[in-house]
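Visitor: Can you read through this structure? Questions will come right after.
The values are calculated or read from the model by the stated rules, or taken from the named source; none is laboratory data. Worth saying up front: this structure is predicted, and the values here are computed from it rather than measured. Note that we place each Cβ from the backbone using ideal geometry, even for glycine, and neighbour counts take in every protein chain shown.
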Amino acid sequence: MPIEDVRGLYGIVDLAGDATDPRPLARALLDGGARVLQLRMKGAGASAMLAALEELRPLCRAREATLIVNDRLDVALAGGADGVHLGQDDLPLAAARRLAPPGFLVGVSTHGEAQALAAADGGADYLGFGPIFPTRTKANPDPVVGLEALARVCRRSALPVVAIGGIEIEAAAEVARAGAAAAAIIRAVNEAPDVVAAARRVGAAFGGLPSLI
């Protein structure tokens, strides 16, 4: 994946349970301009995640979009994804780099400036940073870091920074002005009455696809 693809809406196909069809949401996010899709299936087994990847991979290939797996490097490699996104409690970045083939992307969620700079120095391809605002999509969220810390990390790192955590569509422009390359938004986009339009509004805040509403 060209690193410039981390721009605008970082789409997240967030599935609860093992039986949800990922394709309708994925299509809507792609139609809305997302160039990256992350498969997020907290608590799901490897087989269910692989089945979801089988559905998502052709969609992403047809749109030349990048497919990332949350947390699970083994599933990402086995399922032919383009990369993995690791949390602080997942496989360490150095170990992931040893296992991943050349060109395989590794993103890291970070929750403070020291973590962000360590991940950048350790060979991450992009940084997730947050939560920028209070979030309802994590059971035990990290402390809110805010826009000022986001701006400092963006200034200090040459890597693309994806803002995460509690971002409403109306706040996407603030996140972009702070220097973030993209915003990862679950609830405000995925649960919007019109997912395509919501995704386009986020992309417009980052200078991507124009808003249709």
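Visitor: Taking the range 134-174 on its own, how many of its residues are in contact with a helix residue (DSSP H, G or I) (Cβ under 7 Å, 6 or more places away or on another chain) and farther than 18 Å from residue 117 by Cα?
Guide: Adding up the residues that qualify gives 8.
Visitor: For the subset of the range 80-97 comprising residues that are among the aliphatic types (A, V, I, L, M) and either closer than 14 Å to residue 128 by Cβ or in contact (Cβ under 8 Å) with a residue 24 or more places away in the chain (or both), which member is surrounded by the fewest Cβ atoms within 10 Å (Cβ to Cβ)? Give the derivation first.
Guide: To start, the set of residues in the range 80-97 that are among the aliphatic types (A, V, I, L, M) comprises 81, 84, 86, 91, 93-96.
Filter once more, so that each one left must be either closer than 14 Å to residue 128 by Cβ or in contact (Cβ under 8 Å) with a residue 24 or more places away in the chain (or both): 81, 84, 86, 93-94.
Values: 81: 25, 84: 26, 86: 24, 93: 19, 94: 9.
For the range 80-97, the residue satisfying everything is 94.
Visitor: If you don't mind, there's one more thing I want to ask. Could you please give the count of residues in the range 98-112 that are outside any loop (DSSP other than H, G, I, E, B) and exposed (fewer than 15 other Cβ atoms within 10 Å of the Cβ)? Explain how you work it out, then say what you get.
Guide: Initial filter on the range 98-112 (outside any loop (DSSP other than H, G, I, E, B)): 98-99, 105-110.
If we keep only those that are exposed (fewer than 15 other Cβ atoms within 10 Å of the Cβ) too, we end up with 98-99.
Total meeting the criteria: 2.
Visitor: Out of curiosity, is residue 171 modelled with pLDDT of 95 or more and not in a helix (DSSP H, G or I)?
Guide: Working: modelled with pLDDT of 95 or more: yes; not in a helix (DSSP H, G or I): no.
Judged against the criteria, residue 171 is not a match.
Condition check ((1) outside any loop (DSSP other than H, G, I, E, B); (2) under 18 Å from the mean Cα position of the chain (by Cα); (3) without any contact (Cβ under 8 Å) to a residue 60 or more places away in the chain; (4) buried (at least 22 other Cβ atoms within 10 Å of the Cβ)) across all residues:
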| position | (1), (2), (3), (4) |
| --- | --- |
| 143 | no, no, yes, no |
| 150 | yes, yes, yes, yes |
| 153 | yes, yes, yes, yes |
| 163 | yes, yes, yes, yes |
| 166 | no, yes, yes, no |
| 175 | yes, yes, yes, yes |
| 180 | no, yes, yes, yes |
| 197 | yes, no, no, no |
| 200 | yes, yes, no, yes |
